[in-house]
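Accompanying notes for the structure given below.
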Amino acid sequence: MANKQSLRLKVARHYLQDGMSFRQTALKYGIAYCTVFRWVKLFKEQGEERLLSTYKKPWNRASHDLEQRIVLMKEREPGLTVRQARAHLEKVGIKISIKGIWGIWKRHGYAGFTQENMNGNFTDCPWTREAKEKYDSAKRLFDQGVVDRSTEILNSVPALPENELLPLIPDSLLNIRRQIEKTGLLFGKIPVGSYLERLTSLHEKCYRQNLYYSALIVGLIEIKALSWGGKPLEMLNRTLELRRMLERSGSTHSYSLFAPRLSLMISEGFAHTGLLNMKEASDIARACRSILRRRKRVSPFFMRDLGQLYAQLEDFRETKYWYLKSISGLSGEEEKITKSFLADIFIVKGEYKRALEICKNEDLDHWGSHSKMLRIQSMWSLSKGMPHRAISLATEVLASLKKEEAKGSMFGCYYTIASAYCSLGEKTRARRTLKKIIPFLTKNRLEVVKAVVDILLAQGQMTIRSVAGGGESLPTIRLVLLLKNGQYIKAIEYAEKKGITGLLHRYVFFFPEAVTGLLQKGKPTGLPRAMLNLPVFRKEIPVYSIKFLGNLVVYKNQKYLRVHPVRRKAQVASSDKISPEGSRTLASRVRPRPSNGAKLAPKDTAFLIHLATAKSRHIALDRIYNNFWPDSKRPARNLAHLLVRLRKALCLPSHFLYVKGNRLCFDCHFITDYGEYLEHLGQAKAFLVAGEWEFARNEYLHAFSLFRDAPFRKMYDDWSEDIRTTVLTNLENEAAKFAEACAAHEDRATGVETLQKISKSIPCFAAGR
């Protein structure tokens with residue numbers, strides 16, 4: 001076939017270039033005279049792509065005008081059936097068979113879908129010979145740089161299946177049908193905000209041209225995008241609007257609209273869960289389950305969508321059932337996405353290792369997939385008794401969130417950070433972390449998570465009736481209430497029954513009394529041993545708060561320790577400090593230096609800071625020796641004396657800070673103001689990408705206010721130099737980015753004022769700039 005196509009082109013070009021007659025050309029190539037004439041005519045009228053195409057229009061196809069009339073009938077009345085269409089045509093004297101109408105609708109993508117392959121964007125359709133031939137011609141021309149002619153051919157295709165060429169062509173060259181198909185291909189590939197703007201524009205175009213079927217398809221895609229954007233009220237309104245559109249054709253349901261109707265049902269369920277209308281959502285889920293179980297051939301995409309609805313209802317057994325059932329019918333990227341959803345179930349169950357194994361094997365580039373690995377590792381670290389790593393990873397997730405996943409992932413990170421602080425006995429700081437996200441949750445109508453936060457922050461016991469909204473039936477809400485009301489054993493049993501043990505592991509830190517009571521009685525708690533070794537359950541384990549972004553300040557178990565570095569001369573504290581509101585406060589308000597107490601030499605202070613910022617619970621002795629005593633003949637003796645001084649200053653028993661083999665080990669916990677600085681920066685960046693400038697601005701200012709003076713004064717070891725460089729470089733870069741963000745949001749004065757205050761507080765910062 002390819003040789004015949006190239007022969008056509010060769011003959012036509014030979015005739016046009018060599019000046020031979022039709023007969024001479026025919027004799028040269030051994031073909032008929034009329035064949036040469038026909039090929040040359042096609043080449044002149046339609047170009048070389050027509051000669052390379054073997055597609056021929058069927059002899060019995062309806063005229064172009066009649067075909068367009070039948071297409072517009074379906075566009076104007078999406079619920080129209082083939083029999084209704086034939087009846088309408090007969091009234092105006094046009095006779096055409098049911099099969100003929102169905103064939104036209106199939107060519108244009110309104111009918112003929114395979115039930116097993118129906119997907120969620122409704123823009124994909126099977127390849128036809130006409131579509132394949134024209135697409136190949138358009139692809140050849142596009143590769144040659146002839147974009148206009150390539151687009152013209154694409155626009156002539158009645159319905160174009162999924163392909164790689166369409167996203168590369170500008171919208172201005174595409175007709176409205178190709179723009180809709182291109183939008184379906186871009187689902188999950190561009191930021192949600194931009195995607196929704198594109199869909200809104202297309203929806204308005206379709207309405208203006210009375211293309212209601214196309215408006216229905218665009219609306220269905222928009223509803224799915226709205227679910228990713230966390231806008232349940234807009235979802236519900238659009239769903240009801242599309243349902244009314246479908247009812248315009250009367251009570252008869254078109255078979256070809258089964259998929260849109262089912263998709264609308266599931267989407268309505270999603271909207272109700274977002275609005276805490278759980279009874280309505282449960283009724284819809286049961287109806288959809290009944291429909292899918294009655295049908296012999298069901299699209300795996302609808303199975304997956306129903307699984308997601310059950311996930312919102314927190315019925316994880318049904319969720320797992322439908323996910324696994326859908327995976328068997330999916331392949332490629334769609335199979336990976338479904339497995340990623342399946343990993344979420346294992347996260348909730350507390351089976352983090354299985355969740356990580358799934359995510360490691362799937363390389364996804366889809367909304368919500370970029371940060372999932374880090375989020376799983378963060379939650380797993382908490383259950384393994386590593387709260388500092390959990391906080392660090394959650395902060396990293398916040399700082400790296402993309403716009404389309406920010407709103408959906410922020411609370412999970414905030415909650416992990418708050419739970420980690422609770423596990424360290426820092427309940428006040430945990431409550432403060434949750435309180436500051438409440439305005440964001442309220443503004444974005446994230447009702448379920450707000451209800452959880454309200455319960456965690458409320459004083460005294462609560463009942464189900466006291467829960468705001470309609471989320472009292474959700475297992476998450478019931479679990480938190482059981483823990484809050486001291487019914488720990490029932491909470492354990494309920495979590496196992498509902499498959500939400502992973503949530504229990506994070507909530508339990510807010511209500512440690514029941515677990516502590518069981519430990520004192522020697523009874524099992526049902527928690528991992530690593531969690532039971534955390535300070536919230538073992539009060540004898542000390543937790544130190546080390547503030548070194550300025551003069552050293554130390555707290556032990558939230559109580560101030562009189563520890564300060566030795567200075568040759570008294571250093572005057574900076575009089576300026578940047579507060580979250582941007583006002584000046586005295587640096588001395590952090591904590592006045594006491595007249596007496598333990599004194600640490602600069603080297604002791606540096607060593608303490610390195611302990612507090614260490615990523616693991618042990619440090620190799622060789623690293624310590626090479627950093628602090630590189631030329632000493634007896635570094636072990638020096639270290640021993642340093643440890644004695646440090647234990648005394650920190651009131652720390654020796655078994656919490658000791659040498660074992662070739663390592664220095666410590667079993668106490670440290671938190672630092674630099675870690676808090678990074679947390680606020682991560683939160684600020686997450687708010688910024690989510691489009692919440694006021695929240696981001698306050699977090700940036702809070703982060704910068706933690707710098708009271710230049711850190712690491714009089715400390716000249718290599719570690720201190722490296723950390724000082726890292727800290728100040730980070731401060732300089734982030735302050736510059738904040739100033740740029742201020743300018744972008746027409747708040748240049750705040751940016752300039754912030755830079756000036758940092759420069760005044762930290763002279764070396766000003767010198768660097």
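The values are calculated or read from the model by the stated rules, or taken from the named source; none is laboratory data. Treat the numbers as computed from the prediction; the structure is a model and nothing was measured. No Cβ is skipped: glycine too gets one built from the backbone with ideal geometry, and neighbour counts run over all protein chains shown. All accessible areas refer to the heavy atoms of the entire protein, side chains included, with ligands and DNA or RNA removed. Shrake-Rupley method; radii C 1.70, N 1.55, O 1.52, S 1.80 Å.
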>> Test of understanding: among L166, L186, which residue is under 27 Å from the mean Cα position of the chain (by Cα) and modelled with pLDDT of 90 or more?
In response: L166
> Taking into account only those residues within region 105-133 that are farther than 22 Å from S331 by Cβ, in a helix (DSSP H, G or I) and at pLDDT below 85, which is most open to solvent (accessible area, probe 1.4 Å)?
Replying inline: R129
>> Restricting to region 255-298, name every residue that is closer than 15 Å to T239 by Cβ, in a helix (DSSP H, G or I) and polar (S, T, N, Q).
In response: S263, S267, T273
> How many residues does region 701-725 hold that are over 36 Å from the mean Cα position of the chain (by Cα) and of a type in the set (D, E, K, R)?
Replying inline: 6
>> Can you list residue pairs whose Cβ atoms sit under 9 Å apart, with the first residue in region 707-729 being part of a helix (DSSP H, G or I) and the second being open to solvent by 40 Å² or more (accessible area, probe 1.4 Å) and among the hydrophobic types (A, V, I, L, M, F, W, C)? Count only pairs 6 or more apart in sequence or on different chains.
In response: R724/C764; L728/C764
> Across region 301-345, what is the number of residues that are in a helix (DSSP H, G or I) and under 19 Å from E496 (Cβ atoms)?
Replying inline: 10
>> Among the residues of region 541-550, what is the count of those that are crowded, with 21+ Cβ neighbours inside 10 Å and either among the basic types (K, R) or assigned to a loop (DSSP other than H, G, I, E, B) (or both)?
In response: 4
>> Being buried (at least 18 other Cβ atoms within 10 Å of the Cβ), among the β-branched types (V, I, T) and under 24 Å from L220 (Cα atoms) is the filter here; which residues of region 134-185 pass it?
In response: V157, I169, I180, T183
> When the residues of region 417-456 are filtered to those that are open to solvent by 50 Å² or more (accessible area, probe 1.4 Å) and of a type in the set (V, I, T), which remaining residue is nearest to H669 (Cα to Cα)?
Replying inline: T428
> What residue, among those in region 75-88 that are in contact with a Ser or Thr (Cβ under 9 Å, 6 or more places away or on another chain) and within 16 Å of G103 (Cα to Cα), is most open to solvent (accessible area, probe 1.4 Å)?
Replying inline: R83
>> For region 636-649, check the following and say yes or no: at least one residue is polar (S, T, N, Q) and either closer than 30 Å to S705 by Cβ or without any contact (Cβ under 8 Å) to a residue 24 or more places away in the chain (or both).
In response: yes
> Out of region 183-218, which residues are without any contact (Cβ under 8 Å) to a residue 24 or more places away in the chain and in a helix (DSSP H, G or I)?
Replying inline: S194, E197, R198, T200, S201, H203, E204, Y207, R208
> What about L586, is it closer than 30 Å to E694 by Cβ and either at pLDDT 90 or above or of a type outside the set (D, E, K, R) (or both)?
Replying inline: yes
>> Please go through region 219-238 and give me each residue that is in contact with a Leu (Cβ under 7 Å, 6 or more places away or on another chain), of a type in the set (G, A, S) and either assigned to a helix (DSSP H, G or I) or closer than 23 Å to N163 by Cα (or both), ordered by number.
In response: G219, A225, G229
> Counting just the residues of region 314-358 that are of a type in the set (S, T, Y) and surrounded by fewer than 20 Cβ atoms within 10 Å (Cβ to Cβ), which one comes out modelled with the lowest pLDDT?
Replying inline: S331
>> So in region 504-535, with the set limited to residues that are open to solvent by 60 Å² or more (accessible area, probe 1.4 Å) and assigned to a helix (DSSP H, G or I), which one is farthest from C413 (Cα to Cα)?
In response: K521
>> Taking the criterion of being basic (K, R) and within 37 Å of the chain's Cα centre (by Cα), would at least one residue in region 89-101 satisfy it?
In response: no
> under 41 Å from the mean Cα position of the chain (by Cα) and assigned to a helix (DSSP H, G or I), is that true of K615?
Replying inline: no
> Which residue, of R478, R538, is among the basic types (K, R), open to solvent by 40 Å² or more (accessible area, probe 1.4 Å) and assigned to a helix (DSSP H, G or I)?
Replying inline: R478
> What is the one condition in (1) assigned to a helix (DSSP H, G or I); (2) in contact (Cβ under 8 Å) with a residue 60 or more places away in the chain that G385 does not satisfy?
Replying inline: (1)
> Do the conditions hold for K737, that is, is it open to solvent by 60 Å² or more (accessible area, probe 1.4 Å) and modelled with pLDDT under 90?
Replying inline: no
> Out of region 199-224, which residues are within 26 Å of the chain's Cα centre (by Cα) and either aromatic (F, W, Y) or closer than 12 Å to F270 by Cα (or both)?
Replying inline: I223, K224
>> Would you confirm whether or not region 403-410 contains a residue that is at pLDDT 85 or above and either of a type in the set (A, V, I, L, M, F, W, C) or open to solvent by less than 20 Å² (accessible area, probe 1.4 Å) (or both)?
In response: no
>> I need every pair where a residue in region 158-182 that is among the β-branched types (V, I, T) has its Cβ under 9 Å from the Cβ of a residue that is part of a loop (DSSP other than H, G, I, E, B) and open to solvent by less than 50 Å² (accessible area, probe 1.4 Å), sequence separation at least 6 or different chains.
In response: I176/L211; I180/T123
